[in-house]
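Inspection log for the structure reproduced underneath, given as structure tokens.
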Amino acid sequence: MAALEDLKVLIVDDSITVREMMKHQVKSKGIETIETAKNGEEAFEKYQSFSPDLVFMDINMPVVNGVEGLRKIMSFDSDAYVVMLSSLGTMEKIKETLELGAKNFLMKPAEDKHLNRIMDELVS
Amino acid sequence: MGVKYFGQYLIENNYITNVHLLEAIKYQKNKNIKLGVMVIDKGYMTSEQVEQALNIQRTQDVPFGEACVDKEFLTREQLEELLTAQKEDRIYLGDALVELGHLTLDKVEKYLIEFKTEQQEAQAEINDAFDHIVPEYKDLVQSSIQIINNMLRRLLDEYGKVSGCHEKTNQEFSYDYLVYQKISGAINCYFGIALNKDTLIGFSSKILKREINAVDEYAIDGVQEFMNIVTGHICVLLSKQNIASETFPPVCVDYKEFASNEPITHSYVVPILMTDEQVDMHFLFY
């Protein structure tokens, strides 16, 4: 498996604030190869061209929401490592996305200790 | 009157100068022994282990002592012994001011009693303020304020202080913007943050960790996302209590132009003081 700093990360959120916050957090782990997308459709296109090791995906987004984006990515690559990142973590939403293949579900703002665990798992 | 720190109270009342306070804080910092130093002095841990535990504390947001116990560098008993010793030897602000010769012990004791009395009254005032809220909304308002303070700390590195809770009347507020979200379902509410232009810009600069100079899409997005995160946590809280609710996306409007399609039955405003600014949280139930 790749070293932490070699990981490629895709951050998907319609809010520039969250994209910037997440970029900042991911960069602080030593990861430099980061792409962003604003909705589920863009995420799917970026997923195909960028082949990220890790995707952080918001749920409520215009055009194509995160659940649809997740569904598209998982049908394209069943090994995709997608972590849902939402400000609204109801049990139904958590269950729905995990069933679709999301590996984890984090509440915004993502806590460093959770990001560390996810990245440790990816590089171990 | 409001909730404040002892040092702030002493300056406000001219009992000491700001220079005295800064000296005393520095003195405390130098005199109070850190746990990382104590474990080495006691021979419980090596400096490499301290470094490892500090690294865990920084990256995983856990207290230093807990990190040491988790890594089995310290036993739980050793940690408790050290924490007790640390507490016993701790130099408080009053001690520091006496040791530096800025106040006598008698004066410190007198001012501390005055301060505690004032703080009890201030706290009672705030509790009384929340008591005015109709019972079905009281928990929601209080829990929301806790979530906001938690998020202010995490996202803006600010420690907000609640200075009361008022019934909202139309004429008493003159903010520039209201960033709000609608919550509907078993509880129906507009939940918003009212701020002035400079506060909005400062708020977003801190969240985005870069300078923003105008109320542009970035500035607005920063505050909207703050609200979105807070409201999300509130809805999870409601969901845990089996209160079904739906949230709508955040909206930023001119404060004077906020209009509701529903008749507002109860309006509450909770001012939160930050380092340099004040924001007012609005809870408008319909």
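The values are calculated or read from the model by the stated rules, or taken from the named source; none is laboratory data. None of the values given here were measured: they were computed from a predicted structure. Glycine also receives a Cβ, built like all others from the backbone with ideal geometry; neighbour counts cover every protein chain displayed. Keep in mind that these areas ignore ligands, DNA and RNA; they rest on the heavy atoms of the full protein, side chains included. Shrake-Rupley method; radii C 1.70, N 1.55, O 1.52, S 1.80 Å.
Before we move on, is B:D139 more than 14 Å from every other protein chain (Cβ to nearest Cβ) and free of Cβ contacts under 8 Å to residues at least 60 places away in the same chain? Answer is yes for this residue.
Considering only the range B:239-254, I want to know if a residue exists there that is among the small types (G, A, S) and farther than 21 Å from B:I147 by Cα.
Checked the range B:239-254: no residue is among the small types (G, A, S) and farther than 21 Å from B:I147 by Cα.
Does B:V141 fit the bill of being among the β-branched types (V, I, T) and under 22 Å from the mean Cα position of the chain (by Cα)? Yes, satisfied. Pairs linking a residue in the range B:260-286 that is open to solvent by 50 Å² or more (accessible area, probe 1.4 Å) to a residue that is acidic (D, E), with Cβ atoms under 6 Å and 6 or more positions apart or on different chains, do not occur.
Checking each residue in the range A:74-124 for being open to solvent by less than 40 Å² (accessible area, probe 1.4 Å), more than 14 Å from every other protein chain (Cβ to nearest Cβ) and within 12 Å of A:F56 (Cα to Cα) picks out A:A80, A:Y81, A:V82, A:V83, A:A102.
Here B:I40 clears all of (1) of a type in the set (A, V, I, L, M, F, W, C); (2) touching a Gly at 6+ places or on another chain (Cβ under 7 Å); (3) closer than 30 Å to A:S28 by Cβ except the condition numbered (2). Within the range A:58-70, is there a residue that is on the phi > 0 side of the Ramachandran plot and not in a helix (DSSP H, G or I)? Scanning the range A:58-70 turns up at least one residue that is on the phi > 0 side of the Ramachandran plot and not in a helix (DSSP H, G or I).
Restricting attention to the range A:21-49, the residues that are more than 14 Å from the chain's Cα centre (by Cα) and crowded, with 19+ Cβ neighbours inside 10 Å add up to 1. Annotation: of all residues in the range A:51-73 being over 10 Å from the mean Cα position of the chain (by Cα), more than 12 Å from A:F105 (Cβ to Cβ) and β-branched (V, I, T), the one that is least open to solvent (accessible area, probe 1.4 Å) is A:I73.
Scanning the range B:157-187 for residues that are of a type in the set (S, T, N, Q) and either touching a Lys or Arg at 6+ places or on another chain (Cβ under 8 Å) or open to solvent by less than 20 Å² (accessible area, probe 1.4 Å) (or both) yields one hit, B:Q181. The set of residues in the range A:1-20 that are more than 14 Å from chain B (Cβ to nearest Cβ) and either more than 18 Å from A:E42 (Cβ to Cβ) or surrounded by fewer than 21 Cβ atoms within 10 Å (Cβ to Cβ) (or both) comprises A:M1, A:A2, A:A3, A:E5, A:D6, A:L7, A:K8. Could we say that A:S78 is over 28 Å from B:K209 (Cα atoms), out of contact with any Gly (no Cβ under 6 Å at 6 or more places or on another chain), among the polar types (S, T, N, Q) and in a helix (DSSP H, G or I) here? Taking the combined requirement at face value, the residue does not satisfy it. Among helices (runs of 4 or more DSSP H) entirely within the range B:84-166, having at least 2 residues that are among the β-branched types (V, I, T) singles out B:105-131, B:135-156.
Could you please find all residues in the range B:20-74 being open to solvent by 50 Å² or more (accessible area, probe 1.4 Å) and part of a loop (DSSP other than H, G, I, E, B)? B:I33, B:K34, B:K42, B:G43, B:Y44, B:T46, B:D61, B:P63, B:K71, B:E72, listed by residue number.
Residues of the range B:190-233 that are farther than 24 Å from B:Y286 by Cα, under 19 Å from the mean Cα position of the chain (by Cα) and among the hydroxyl-bearing types (S, T, Y): B:T199, B:S204, B:S205.
Only residues that are facing another protein chain (nearest Cβ under 7 Å) and either hydrophobic (A, V, I, L, M, F, W, C) or under 17 Å from B:M281 (Cβ atoms) (or both): list them for the range B:234-260, please. B:C235, B:V236, B:T247 - these are the residues of the range B:234-260 that are facing another protein chain (nearest Cβ under 7 Å) and either hydrophobic (A, V, I, L, M, F, W, C) or under 17 Å from B:M281 (Cβ atoms) (or both).
The criterion of being part of a loop (DSSP other than H, G, I, E, B), within 14 Å of chain A (Cβ to nearest Cβ) and buried (at least 17 other Cβ atoms within 10 Å of the Cβ) does not hold for B:I201.
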